[in-house]
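Just so you know, all these numbers are worked out from the coordinates, no wet-lab data involved. As the structure is a computational prediction, the values presented were derived from the model and not from experiment. Methodologically, a virtual Cβ is constructed for each residue, glycine included, from the backbone with ideal geometry; neighbour enumeration extends over all protein chains shown.
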Amino acid sequence: MELAEIYQSKMFGGVENFSPKISFEVFPPKNNDISQLFEELRILKSFDPVLISLTYGANGGLNRFSFEDLKSIRDLEFNLMPHFTCVSSLRSEIEDHIIAIENLGIENILALRGDIPEYIDQTSLDFRHANELVEFIKEKTTLSIGVAGYPEGHIESPNLISDIKNLKKKVDAGASAIFTQLFFDNNKFFHYVEKVCASGINLPVVAGIMPIRSASQIEKMTSMARVSFPKKLKDDLEKFPEDAKKIGTEYAIKQCLDLIEFGVCGLHFFTLNHSDQVSEILENIL
Ligand code: FAD
């Protein structure tokens, strides 16, 4: 099912008794043993996710799902949205990849620039920003396209408004939905949606939720992205690092309930390939 149909092209759910659409992100297992991931996915299936998104070389790594993996996951009767980053590939390679995705019968793709490795000469890139990739995918395929959004601004952007201007370029190029970076302060998300709306974008903004599993995650996240931590959450994690998972679960439940009250159209969980914590959160919010 395509993104526009899943979220009914709505920025907000908004109506009474509306339940946000639930989706999950997973990444390729580091040891290439996909059977454990399948077990987690089978558990998550009971929450009837509208889609499963699959990372592509995330965190500067090269780890990717093979086409065989995509087929096997699709055969579990999931609607897939593989991620794809254009920064390290040639136009011809990108064309081959997106056409192969479409030929697998997959309908959606998350079009990303990716992080630019230091060794790359940026003047040699075929695609310098995700809007160019969106335009290319639109030209070559019928895939429905998701793009990334950053409630606190992308780490390279001077400010939120300039980042949203660039988001608009992805939307004008043909994106159908925006999937956000993780965030912990819902006020940042509410402010973002308001600014996105004011910029003339009227697409679903799906909230990215990362339940905290360990206290050390904070340092890693803040070094990679602009993410604010509410003081109480930070203090609790510092005081009780051994209870990080419990604190993270309770926080995510409250965060999601607040987002649902706001009328968020979708909650996209960064599962880190674990079903236990996300299951507990969903059992408490749905
Ligand atoms: P862009 O939209 O190109 O933006 C990058 C920067 O350039 C921003 O600062 C933007 O303001 C600016 N910009 C954009 N367009 C223009 C323009 N036309 N002219 C001038 N400036 C412009 N990374 C991975 O490697 N693999 C993954 O699987 C992955 N999954 C992700 C999933 C989600 C939901 C999110 C939010 C991010 C994900 N990322 C992933 C991270 C992403 O690749 C990085 O954040 C990357 O640095 C930016 O990608 P982008 O598509 O947002 O780039």
Complete set of residues in the range 111-130 that are surrounded by fewer than 20 Cβ atoms within 10 Å (Cβ to Cβ) and touching a Leu at 6+ places or on another chain (Cβ under 6 Å): 126
Matching residues in the range 131-163 - criterion: being of a type in the set (Val, Ile, Thr) and either surrounded by fewer than 22 Cβ atoms within 10 Å (Cβ to Cβ) or over 17 Å from residue 200 (Cα atoms) (or both): 134, 137, 141, 142, 145, 155, 161
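Filter the range 126-145 for residues that are near the ligand (Cβ under 8 Å from one of its atoms) and either touching a strand residue (DSSP E or B) at 6+ places or on another chain (Cβ under 8 Å) or in a helix (DSSP H, G or I) (or both) and give the result. Break it down stepwise before answering.
First, the residues of the range 126-145 that are near the ligand (Cβ under 8 Å from one of its atoms): 128-133.
Listed by number, the residues that qualify are 130, 131, 132, 133.
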Test: residue in the range 106-121 that is in contact with a Ser or Thr (Cβ under 6 Å, 6 or more places away or on another chain), assigned to a loop (DSSP other than H, G, I, E, B) and closer than 26 Å to residue 75 by Cα: yes
Evaluation of residue 46 against (1) closer than 20 Å to residue 86 by Cα; (2) small (Gly, Ala, Ser); (3) more than 10 Å from the ligand (Cβ to nearest atom) (one fails), failing number: (1)
Check on residue 99, buried (at least 20 other Cβ atoms within 10 Å of the Cβ) and more than 10 Å from the ligand (Cβ to nearest atom): no
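Yes/no per residue for (1) out of contact with any Cys (no Cβ under 8 Å at 6 or more places or on another chain); (2) closer than 21 Å to residue 178 by Cα; (3) in contact (Cβ under 8 Å) with a residue 12 or more places away in the chain; (4) surrounded by fewer than 18 Cβ atoms within 10 Å (Cβ to Cβ):
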| site | (1), (2), (3), (4) |
| --- | --- |
| 54 | yes, yes, yes, no |
| 64 | yes, no, yes, no |
| 74 | yes, no, yes, yes |
| 80 | yes, yes, yes, no |
| 83 | yes, yes, yes, no |
| 92 | yes, no, no, yes |
| 95 | yes, no, yes, yes |
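When the range 154-205 is examined, which residues are found to be β-branched (Val, Ile, Thr), under 19 Å from the mean Cα position of the chain (by Cα) and either near the ligand (Cβ under 8 Å from one of its atoms) or closer than 19 Å to residue 226 by Cβ (or both)? Step through it out loud before you land on a result.
Kept after step one, since they are β-branched (Val, Ile, Thr), are these residues of the range 154-205: 155, 161, 164, 171, 178, 180, 193, 196, 201, 205.
From what is left, the residues that are under 19 Å from the mean Cα position of the chain (by Cα) are 155, 164, 171, 178, 180, 193, 196, 201, 205.
Hits for the range 154-205 are 155, 164, 178, 180, 193, 196, 205.
Restricted to the range 234-271, and to residues that are part of a loop (DSSP other than H, G, I, E, B) and either away from the ligand (no atom under 16 Å from the Cβ) or polar (S, T, N, Q) (or both), which residue is farthest from residue 24 (Cα to Cα)? It would help to see each step written out before you state the result.
Taking the range 234-271 first, the residues part of a loop (DSSP other than H, G, I, E, B) are 240, 263, 265, 271.
Checking which are either away from the ligand (no atom under 16 Å from the Cβ) or polar (S, T, N, Q) (or both) leaves us with 240, 263, 271.
Numbers: 240: 28, 263: 19, 271: 6 Å.
Filtering the range 234-271 for residues that are part of a loop (DSSP other than H, G, I, E, B) and either away from the ligand (no atom under 16 Å from the Cβ) or polar (S, T, N, Q) (or both), the one farthest from residue 24 (Cα to Cα) comes out as 240.
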